[in-house]
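Notes follow the structure.
The values are calculated or read from the model by the stated rules, or taken from the named source; none is laboratory data. Nothing here was measured: the structure is a model prediction, and the numbers come from that model. Virtual Cβ from ideal backbone geometry, glycine too; neighbours counted across all protein chains shown. The accessibility values were calculated without ligands, DNA or RNA, using every heavy atom of the protein model including side chains. Shrake-Rupley method; radii C 1.70, N 1.55, O 1.52, S 1.80 Å.
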Amino acid sequence: MSETEFRHGKKRFYDNTKFPRGFAKSGDFTLAEEEILTIYGDTMLALEAGDISPENGEEKHFLKVLAHPHKAKTKLERVWLKYTQLARGRRRFHTLNGCKRSSTFEVEEYDSEPELETA
């Protein structure tokens with residue numbers, strides 16, 4: 001990662017609310033992706049929030065990628081998009097049987113008095 005112009009964060013980046021055990025231990029990120037997030041995540045978050053302004057071409061391109069995710073070229077951009085999707089997007093929930101909840105339970109209405117058949 002030494003060939004990038006992207007600034008290191010002023011502090012290491014962690015997300016203790018969504019990933020309390022760390023990025024790599026969550027099972028969603030590799031060790032390399034975890035390293036990218038912890039080193040550059042603080043800068044990427046500040047750029048996204050508008051707290052700091054971009055200083056070079058890579059940081060300017062990163063801001064464009066936030067608006068147009070399909071233009072992501074670098075590993076930094078792809079990892080940040082992956083992080084934001086997992087941390088801020090809806091997580092998938094898989095049931096054991098695979099049925100939708102609304103179609104599994106049907107409510108049948110019964111009359112209070114059963115009908116008697118007459119011969």
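Set side by side, the residues LYS25, LYS11, LYS82 differ, and just one is assigned to a helix (DSSP H, G or I) and modelled with pLDDT of 85 or more, which is LYS82. Search region 10-24 for residues that are more than 13 Å from ILE39 (Cα to Cα) and small (Gly, Ala, Ser) and pair each with any residue that is in a loop (DSSP other than H, G, I, E, B) and open to solvent by less than 100 Å² (accessible area, probe 1.4 Å) when their beta-carbon atoms are under 7 Å apart and the residues are at least 6 apart or on different chains. Sorted first by the residue in region 10-24, then by its partner, the pairs are ALA24/THR30. Looking only at region 52-72, residues that are exposed (fewer than 11 other Cβ atoms within 10 Å of the Cβ) and without any contact (Cβ under 8 Å) to a residue 24 or more places away in the chain come to 4 in all.
Somewhere in region 92-104, is a residue at pLDDT below 90, more than 17 Å from ARG7 (Cα to Cα) and under 16 Å from the mean Cα position of the chain (by Cα)?
Of the residues in region 92-104, the ones at pLDDT below 90 are 92-104.
Then drop every residue that is not more than 17 Å from ARG7 (Cα to Cα), which leaves 92-104.
Still in the list and also under 16 Å from the mean Cα position of the chain (by Cα): 92-93.
Looking through region 92-104, at least one residue is at pLDDT below 90, more than 17 Å from ARG7 (Cα to Cα) and under 16 Å from the mean Cα position of the chain (by Cα).
The one condition from (1) more than 17 Å from LYS75 (Cα to Cα); (2) modelled with pLDDT under 90 that ALA46 does not meet is (2). Of all residues in region 19-51, those that are open to solvent by 60 Å² or more (accessible area, probe 1.4 Å) and closer than 23 Å to ALA67 by Cα total 4.
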